[in-house]
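Chemist: Mind looking over this structure? Questions follow.
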Amino acid sequence: MGFFKQIMKILPKKHIDITELEWEKERLRKRQAAEEAARGLYGQKEEEEENDDPERVYEVLEREILPERIVCPACGNITFEGVERCDRCGKELY
């Protein structure tokens with residue numbers, strides 16, 4: 001006898017009742033309808049808030065982009081990339 005058949009003999013068989021499935025289906029349908037209604041109300045509130053102040057001023061964000069840095073293999077000084085010699089010891093960086 002196969003392994004699967006042995007397992008099936010040990011496990012209890014589950015009887016599926018159609019009325020339970022229909023109740024579950026109806027419960028899920030109501031839940032989805034409630035979630036969609038909540039999303040619709042929430043979306044309308046967001047649109048109203050955005051339309052309240054047409055002259056809204058937004059904060060300007062700035063980010064500084066720093067040049068790449070490299071470490072001198074001789075002295076360990078940190079210098080900018082593109083420089084041929086170290087500022088501290090004068091050795092070639094490449």
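Chemist: Within the set of pairs 6 or more residues apart or between chains, which connect a residue that is closer than 21 Å to G82 by Cβ inside the range 57-68 to a residue that is surrounded by fewer than 10 Cβ atoms within 10 Å (Cβ to Cβ) with Cβ atoms less than 8 Å apart?
Modeler: Listed pairs, sorted by first residue: P67/E81; P67/G82; E68/E81.
Chemist: Further, regarding this structure: Spot the failing condition for R31; the list is (1) at pLDDT below 75; (2) part of a helix (DSSP H, G or I), and only one is missed.
Modeler: It fails just one condition, (1).
The values are calculated or read from the model by the stated rules, or taken from the named source; none is laboratory data. Please read these numbers as outputs of a predicted model, since none were measured by experiment. Positions of Cβ are generated from backbone atoms using ideal geometry, with glycine treated the same way; all protein chains shown enter the neighbour counts.
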